[in-house]
Amino acid sequence: MIDLFKNALVVADDQRINIIWPSGSTRSVQIELRELSQPQVVPLDKVNVTWALSPHKPYEPMVIFSYCRLVYIFNARMRVLEGCLRGHGGASFEITSIVVHPHAAHIFCTTSRDFSSRLYDLTREPQLHANNPHWPPLKKPSFAGPSHGLDMSIEEGEGIGRCVLVLVGGRSGGHAGEVFGAAFHYTHPVIATCGMDRAIKIWHIPPFSNRLEQRLLREDKPLFSSSSIHKARVLSVNWRYRLSRDILLSHSAPARMFVLPESSRSETNPESTDSKQFGPDEPGSLSLWKWLSIDRFFPLDWEKAASRQVRLNPFKSVYQESISFKILSNYLFPPQIDQFITPTLYVCRGFLPFVVYSYPHTQSLTIVNIVLLKRRLLPPPLPGKSHSSDLWRHDEQIQGWNLALDDSLGREETVETCAMISGSSPIIIIGGSRGSVCVFSGNFT
């Protein structure tokens, strides 16, 4: 199985899923997607795809992809569809990302525009009947449904896979906007999420029961939540476990800035949009920061403790707006003409500390070495006060290596997405706007 799939790539566009072997040793696999009856509500919504592996079939890799608000599980070895799930209850909200646990490859998480995130288990079968608790004073099970973190009144799907945990949004400490990305921790039972509300949240993942009739778990209070790290919507978040177990890397979109006229500051309501004069957008930022409270919830040798708390209950100052973080480094992306032009960023998996990002409708991408990022120094002095040193500086623009597409692909071919794989030499995969897939290899150190 390793020899067959170690060089395989899975790529997706609006019409099909392709499993390809760049070496040409194996014939590619193509999964046709049915044409949408209605156009996408948000043009940025795309087909999300990733690899997974079930312990029940350890020699048959699975391809998980989202399409038309549904989650599909495809057996890449047998080339059959193993399951189909109603992602996020089959609601009218697109799935924005899919991420698989780095060690338990049968656990994956999906994020959606319904303000929530959901964790699925490939070793279980879909829920066929609602198993919801009673809500007093009613004597019958609740029919609230997925929006309240409960089972839907219809079948969850067919084949394999079941939702086991819902990270509820819009409640005590959940996201107040669309969720764009998630990242499992490599060694701790936590997952980080980010979204439209500028917030980054870190959630505890309680242990799942082995019982087949387990009720759907729900969490609405994260261990950490802050909207002060970025000034605009947060597009991605990743754990940098190679640096430390408590360091994360996140990036955001450009922030729209507005100024209030000096003559009307005392007379105009600051909440009124008619009085706002918008200036140039502040470029999006790439932040390397540290979560300061990890030792509070996971002290030294926590996994070996005789008595271990199953459910972690954070307090209000943590799950609503926490200050237990420290920004280590912050850099700005190149300025853009519009706040909707955002970079696609991919963090290299493995031992290489590289980040690769690209902008849509361009013919190049940029490779950044995280080790070379400078630490954030003192902030500028307050108005009317002097600063005794010149250590302070504004956030600098990101510096890296630029990689451009070859002219043989044509001027109409642009970069739509990119990825990077570590190995004896880094491998960069570029997905083009006209269906091409480019593979580069080289040394960028």
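Computed values, structure above
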item	result
Selection count, the range 294-308, where residues are crowded, with 17+ Cβ neighbours inside 10 Å and in a loop (DSSP other than H, G, I, E, B)	1
Residues located in the range 219-237, provided they are in contact with a His (Cβ under 7 Å, 6 or more places away or on another chain) and among the hydroxyl-bearing types (Ser, Thr, Tyr)	236
Matching residues in the range 330-353 - criterion: being assigned to a strand (DSSP E or B), modelled with pLDDT of 90 or more and farther than 17 Å from residue 196 by Cα	330, 331, 332, 346, 347
Filtered residues of the range 133-161 (kept if modelled with pLDDT under 80 and surrounded by 14 or more Cβ atoms within 10 Å (Cβ to Cβ))	135, 143, 144, 145, 146, 147, 148, 149, 150, 151, 152, 153
Per-region count, the range 127-170, residues touching a Leu at 6+ places or on another chain (Cβ under 8 Å), part of a loop (DSSP other than H, G, I, E, B) and either farther than 17 Å from residue 218 by Cα or without any contact (Cβ under 8 Å) to a residue 12 or more places away in the chain (or both)	5
Within the range 14-54, considering residues that are within 19 Å of the chain's Cα centre (by Cα) and modelled with pLDDT under 90, the one surrounded by the most Cβ atoms within 10 Å (Cβ to Cβ)	46
Selection from the range 400-438 of residues that are modelled with pLDDT under 85, under 25 Å from the mean Cα position of the chain (by Cα), surrounded by fewer than 16 Cβ atoms within 10 Å (Cβ to Cβ) and not hydroxyl-bearing (Ser, Thr, Tyr)	423, 435
Identity of the residue in the range 88-98, out of contact with any Ser or Thr (no Cβ under 6 Å at 6 or more places or on another chain) and buried (at least 20 other Cβ atoms within 10 Å of the Cβ), that ends up farthest from residue 150 (Cα to Cα)	94
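The values are calculated or read from the model by the stated rules, or taken from the named source; none is laboratory data. Being a predicted model, the structure only gives us computed values, none of them experimental. For neighbour counting, all protein chains shown are included, and Cβ atoms are generated from backbone atoms with ideal geometry for every residue, glycine included.
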